[in-house]
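Some notes on the structure that comes next.
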Amino acid sequence: NVGPRASAEQLQDPDHLIDYTETFIFDCDGVIWKGDKLIDGVPETLDMLRSKGKRLVFVTNNSTKSRKQYGKKFETLGLDVKEEEIFASSFAAAAYLQSIDFPKDKKVYVVGEEGIQKELELAGFQYVGGPEDGEKKIELKPGFLMEHDENVGAVVVGFDRYFNYYKIQYATLCIRENPGCLFIATNRDAVTHLTDAQEWAGGGSMVGAVRGSTQREPLVVGKPSTFMMDYLAKKFSISKSQICMVGDRLDTDILFGQNGGCKTLLVLSGVTSLSMLQNPENDIQPDFYTNKISDFLSLKAP
Ligand code: PLP
Ligand code: CA
């Protein structure tokens with residue numbers, strides 16, 4: 001019984017789900033942590049799953065860090081997670097370029113933060129742009145023509161707190177004028193939760209600006225696109241029907257699991273409330289839902 005359901009079932013027998021799952025893919029923000037704070041019961045839950053021999057994989061749409069930087073974050077939070085178990089959308093952008101044999105003598109223009117730069121570097125790609133271009137201003141004088149590097153063969157756009165008009169124009173010139181230039185988006189999250197006081201414009205807002213000026217659709221490598229799922233399934237030789245995708249967001253995590261043909265579990269410890277799940281206008285229904293992942297421990301039959 002894989003695939004979307006008419007309506008989600010409240011998780012009552014986690015042991016059954018655990019027994020029939022070989023790999024758990026955990027979304028990070030809203031499932032493992034909230035911002036910089038660990039969610040209650042996570043270490044014990046991960047330990048229990050590992051003791052049962054389950055493979056654990058962590059996927060995040062947040063492209064601001066590299067997998068190495070996420071490794072440090074897990075460590076700081078007291079979680080024993082290896083870099084190789086972490087798949088951020090920054091890594092996905094570099095992995096995608098590798099998968100298509102993107103030429104090493106071409107460059108990537110980065111609209112995004114350090115995570116993307118570090119992953120491109122590790123994969124051996126040359127890049128220009130990044131946070132440094134956030135300082136650049138355009139002085140419009142009559143006849144002013146902005147130069148761009150004709151050797152840029154791909155533009156990667158992700159969440160960028162240093163976003164400005166210079167970057168939009170540079171990315172636009174590359175995509176419109178360099179023959180065959182790729183337009184890659186790490187993710188398209190509309191909003192994100194930088195603080196718990198309000199929602200903040202997410203990576204989708206930067207991607208939207210470049211879509212607007214180029215009239216081109218990006219290739220998305222983060223959730224809910226199937227790229228990372230296919231990558232993981234191949235890398236670990238896992239059958240997608242043996243995967244359970246655990247996430248807090250319907251239009252990224254749950255859709256990601258469903259697009260991949262996996263089982264899906266929504267946790268209510270992040271951005272989705274029970275009333276949002278049950279809203280008649282919501283057409284994304286996970287297989288199961290529960291409050292938080294540590295329910296795997298507490299819901300055990302006596
Ligand atoms: N993008 C940004 C910039 C974020 O800050 C976050 C969450 O903190 C996300 C995306 C979503 O991350 P995740 O996929 O781990 O929920
Ligand atoms: Ca999340």
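The C-alpha atoms of the chain define a longest principal axis, and helix 165-177 lies at about 80 degrees to it. If you average the alpha carbon positions of the stretch 28-61 and of the stretch 202-223, how far apart do those two centres end up, in angstrom? Cα centroid to Cα centroid, the span is 29 Å.
May I ask for the angle, rounded to the nearest 10°, between helix 67-76 and the longest principal axis of the chain, with both axes built from Cα atoms and the value confined to 0 to 90°? With rounding to tens, the tilt is 50 degrees. Note on Glu9 and Glu147: their simple-model spin labels are 6.4 nm apart, each label 7 Å out from Cα toward Cβ. Between Glu139 and Asp196, what FRET efficiency follows from the Cβ-Cβ distance if R0 is 51 Å, with the result rounded to 0.05? For R0 = 51 Å, the calculated efficiency reads 0.80.
Ranking of Trp33, Trp200 by neighbouring Cβ atoms within 10 Å, starting from the fewest: Trp200, Trp33. How far, in degrees from 0 to 90, does helix 203-214 lean away from the longest principal axis of the Cα atoms of the chain, to the nearest 10? It is inclined by approximately 40 degrees.
Rounded to the nearest 20 debye, the dipole size of the stretch 246-293 about its Cα centre is 200 debye, using +1 on the Cβ of Lys and Arg and -1 on the Cβ of Asp and Glu.
If r is the Cβ-Cβ distance from Leu38 to Tyr166 and R0 is 25 Å, what FRET efficiency results, to the nearest 0.05? Result of the calculation: an efficiency of 0.05. Placing unit charges on each Cβ (+1 for Lys and Arg, -1 for Asp and Glu) gives the stretch 56-117 a dipole about its Cα centre, and among Gln117, Phe91, Tyr70 the Cα reaching farthest toward its positive end belongs to Gln117. Ordering 286-297, 231-242 by mean Cβ neighbour count within 10 Å, with the highest value first, yields 286-297, 231-242. Contact order for the stretch 36-151, expressed relative to its length and based on alpha carbon pairs under 8 Å spaced 6+ residues apart, stands at 23 percent. Using only the Cα atoms of the stretch 76-178, build the gyration tensor, take square roots of its eigenvalues as a ≥ b ≥ c, and label the shape rounded, prolate or oblate: rounded if a/c is under 1.5, else prolate if a/b is larger than b/c, else oblate. It comes out oblate by the Cα gyration axes.
Per-residue 3J(HN,Hα) values for the stretch 255-269, derived from phi via the Karplus relation 6.51 cos²θ - 1.76 cosθ + 1.60 with θ = phi - 60°, read 5, 4, x, 5, 4, x, x, 9, 6, 10, 10, 8, 9, 8, 8 Hz in sequence order (x marks Gly and Pro). Taking the centroid of alpha carbons for each part, the stretch 85-136 and the stretch 243-267 are 26 Å apart. Phi angles across the stretch 127-142 convert, under the Karplus curve 6.51 cos²θ - 1.76 cosθ + 1.60 with θ = phi - 60°, into 3J(HN,Hα) values of 9, 10, x, x, x, 3, 5, x, 7, 7, 10, 9, 9, 7, 10, x Hz, Gly and Pro given as x.
Sorting the segments 35-44, 109-118, 91-100, 53-62 by their residues' average number of neighbouring beta-carbon atoms within 10 angstrom, most packed first, yields 109-118, 91-100, 53-62, 35-44. Estimated from helical segments only, the mean residue ellipticity of the chain at 222 nm is -8500 deg cm²/dmol, where each DSSP H run of four or more residues counts as -39500 (n - 2.57).
We did not get these values from a lab; they are worked out from the coordinates using the rules stated. If you're wondering where the values come from, they're calculated on a predicted model, not measured in any experiment. Neighbour counts run over all protein chains shown; Cβ positions are idealised from the backbone, glycine included.
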